[in-house]
Amino acid sequence: MENWAEKITTPKEAVKRVRSCQRVFLGSGCGVPNALVEALVKRANKLADIEIIHILAIGSASYTNEKVRDTFSVNSFFIADNVRQVIQQGMGDYSPIYLSDIPELFSSGQMPLDVAMVQVSPPDSKGMVSLGVSVNVNTSAINNADLVIAQVNPLMPRTLGGALLHVDCIDIMVVAEEPIAELVQHPASKAIKRIGSQVASLVESGSTIEVGIGQASQAVWPYLKHKTGLKIHTEMISDAILPLIESGAINTSDTNGKKIVSSFAIGTKRLYDAIDNNPAFSFESTEFVNNPVRISANHKMIAINTALEVDLTGQVCADSLGDSFYSGLGGLVDFNIGATHSDGGKSIIVLPSTAKDGTISRITCKLSSGSGVAITRGGIHYVVTEFGVAYLHGKSIQERAVALISVAHPDFRRQLMKAAIKARYLRQEMTQVEGMVFVGPQALKATKELADKKKITFRPSHPSDKRAIKEMLYSLSNDSIYKRFISHVEQFPFQRIKNFLYVDHRGDEVVVGVVPKKKKGEKIVCVAGYYLDPKTNRAEIAFMVRDDWQGNGLARFSLQLLITAAIRNGLRGFTAETLPSNTSMRQVFEKSGLKVSSHMEDGMIYYQMDF
């Protein structure tokens, strides 16, 4: 520090360089230079018309205090708790913008910066300081501000990569030691944990991960421990990343020099100690981290971000609650674009199904009045709630509406269905299944490996399986159709297939066996279901298997899944009917392991199977 003694002064003297009617940028996140902020606020009576600019700022935000409101106005690119009320009251301002576009605002002169106040680590012997836990747009602010004042904090972690800059970039240095702001995650609810589990099922080993701000998106981390070779290219890291590094799930020694790439850190001292002078972490500027082209270059880029509301056409609101601004766009759109253009990439929007203690559905027929659209209908891909996964890209409005209603909270599905029919998002015939949108139990998920190592995934059927089930039905031979329906059927209208899609997963149950298509999506190769007769408490069972997948034991495997479900739901047993010539199906019933009896009647064999 002795080498740059001429730059060093006190907070009080440093802020005297700030003049009225200037725009002052504050380093953000957990890197807010609090000593400088407090000195500036104390000088409020000497100043006027100071505009404070920042992204997400964690701290007291004393510049929003009513006593100094005539001096300071806040303009935030992302709204945190400490400024939300001021902005919602119209006493502050919010500038909606993609994070990747902010640096150009500064460099182009569209938003000229008079002063940049940031927090850095002490310089090393070569005069290099580190921006520590908050790099993001700070580098651009430093490069473009007329005056740069840095709070030198000995407790600031020395992060590497783009976080390093020379003290020649700084005009004034103020030495002020203070603990780095910490943010502890609250324990996740059961619903949030289910979201994390659902999202993890979409993440393959070897993927590159981005996880945005918000408990619903951060919930995925604990469920990635069993993955391997994960890489990280994300705006923010939290403490949740550390167990995955310790378990080896995250690759920190890529032969191509790939590191954990981030732009800022929000967590506890445990995280800050881990990133301090650690070459496994590369903290880079927003220009680097949020560049959609650079993001898309990552293999299997998975972007996981939180929304506030999604309508049945696929529009995503992420920054407002109706006409009240709540957060910001951040890097949501940057990573949505990048991930969807990545080889094998996925953009995933997560949100709890309800808000305000379950009184409001976050899945809505139409966005609330005043809500802003962050991701358009054309840019949406995956939406995940605690009730399941809806894949929307390339799907019609009807398909989207059904998929989203299926992952909405059960208390709101009937009214969403009615609203969708009224809005003509769904056909009038869907009134037949109002109140019949249910998500099947996780216990029915299973995988069968065939002799040729091919794997078939079995799961409960879903209303969004409509087209895939139709494709299967039309692929069946005349013989297979006759064996299943005991008649020659040439068309499969909604009336005929609705019982495959809309089941209550108690009295009725349907499971499907699926395999991946060559590119995206699934192909259904097996459908098995039971339908309860309340008078006898027995359910009739029936099966269909694609002709080219028959002989692989799919009906026998799916029967065992149905038996498990039926016993759990308190059923007494099954019934079935089949043609005498259908020997393969007869063997499935007779070797089911149940107590089986049968008799011939009118050219059909009738089975009764008791548990």
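Couple of notes before you dig in:
- Check on Gly330, within 21 Å of His233 (Cα to Cα) and either among the acidic types (Asp, Glu) or in a loop (DSSP other than H, G, I, E, B) (or both): yes
- Test: Lys455 is touching a residue at least 40 places away in the same chain (Cβ under 8 Å) and charged (D, E, K, R): yes
- The condition of being buried (at least 21 other Cβ atoms within 10 Å of the Cβ) and within 21 Å of the chain's Cα centre (by Cα) holds for only one of Lys346, Lys395, that being Lys346.
- If you go through the stretch 402-417 and pick out every residue that is over 19 Å from the mean Cα position of the chain (by Cα) and over 13 Å from Ser361 (Cβ atoms), you end up with 1.
- Criterion: at pLDDT below 95 and surrounded by 19 or more Cβ atoms within 10 Å (Cβ to Cβ) - qualifying residue of Ser324, Ser320: Ser320
- For the stretch 120-142, taking the residues that are part of a loop (DSSP other than H, G, I, E, B) and of a type in the set (Gly, Ala, Ser), the one that is modelled with the lowest pLDDT is identified as Ser125.
- For the stretch 355-376, the set of residues classified as among the hydroxyl-bearing types (Ser, Thr, Tyr) and part of a loop (DSSP other than H, G, I, E, B) consists of Thr359, Ser368, Ser369, Ser371, Thr376, listed by residue number.
- Answer from Phe438, Phe412 - the residue that is more than 20 Å from Gln315 (Cβ to Cβ) and of a type in the set (A, V, I, L, M, F, W, C): Phe438
- Which numbered condition Lys356 misses (of (1) touching a residue at least 24 places away in the same chain (Cβ under 8 Å); (2) within 21 Å of the chain's Cα centre (by Cα); (3) more than 27 Å from Lys395 (Cβ to Cβ)): (1)
- Candidates Ser73, Ser62, Ser107, Ser95, filtered to the one that is touching an Asp or Glu at 6+ places or on another chain (Cβ under 6 Å), among the small types (Gly, Ala, Ser) and in the same structural domain as Asp146 (by TED's automatic domain parsing): Ser73
- Residues of the stretch 1-35 classified as surrounded by 24 or more Cβ atoms within 10 Å (Cβ to Cβ) and assigned to a loop (DSSP other than H, G, I, E, B), total: 6
- Test: Val133 is within 23 Å of Ala265 (Cα to Cα), over 32 Å from the mean Cα position of the chain (by Cα) and not aromatic (Phe, Trp, Tyr): no
- Boolean, Thr376 is surrounded by fewer than 16 Cβ atoms within 10 Å (Cβ to Cβ), at pLDDT 95 or above and under 30 Å from Gly331 (Cα atoms): yes
- Filter result for Glu38 (more than 13 Å from Asp93 (Cβ to Cβ) and either outside the structural domain of Leu113 (by TED's automatic domain parsing) or not in a loop (DSSP other than H, G, I, E, B) (or both)): yes
- Single residue of the stretch 208-252 satisfying the filter (of a type in the set (A, V, I, L, M), part of a loop (DSSP other than H, G, I, E, B) and more than 14 Å from Val184 (Cα to Cα)) that is nearest to the chain's Cα centre (by Cα): Val220
Here's the yes/no breakdown for (1) within 16 Å of Ala150 (Cα to Cα); (2) of a type in the set (Asp, Glu):
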{"site": "Arg17", "(1), (2)": "yes, no"}
{"site": "Gln22", "(1), (2)": "no, no"}
{"site": "Asn34", "(1), (2)": "yes, no"}
{"site": "Val41", "(1), (2)": "no, no"}
{"site": "Asp49", "(1), (2)": "no, yes"}
{"site": "Leu56", "(1), (2)": "no, no"}
{"site": "Ser60", "(1), (2)": "no, no"}
{"site": "Thr64", "(1), (2)": "no, no"}
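- Residue list for the stretch 76-105, filter: under 17 Å from Gly372 (Cβ atoms) and of a type in the set (Asp, Glu): Asp93, Asp101
- Exactly one residue out of Lys517, Lys523, Lys535 is modelled with pLDDT of 90 or more and under 17 Å from Phe458 (Cα atoms), and it is Lys523.
- Checking each residue in the stretch 63-88 for being charged (D, E, K, R), free of Cβ contacts under 8 Å to residues at least 60 places away in the same chain and either surrounded by 14 or more Cβ atoms within 10 Å (Cβ to Cβ) or not in a helix (DSSP H, G or I) (or both) picks out Arg69, Asp70.
- Those strands (runs of 3 or more DSSP E) lying entirely in the stretch 490-581 with at least 2 residues surrounded by 14 or more Cβ atoms within 10 Å (Cβ to Cβ) and of a type in the set (Ser, Thr, Tyr): 522-533, 573-578
- Among (1) of a type in the set (A, V, I, L, M, F, W, C); (2) in contact with a strand residue (DSSP E or B) (Cβ under 7 Å, 6 or more places away or on another chain); (3) surrounded by fewer than 18 Cβ atoms within 10 Å (Cβ to Cβ), the one test that Met91 misses: (2)
The values are calculated or read from the model by the stated rules, or taken from the named source; none is laboratory data. The model shown is predicted, which means the values in this text are computed figures rather than measured ones. Virtual Cβ from ideal backbone geometry, glycine too; neighbours counted across all protein chains shown.
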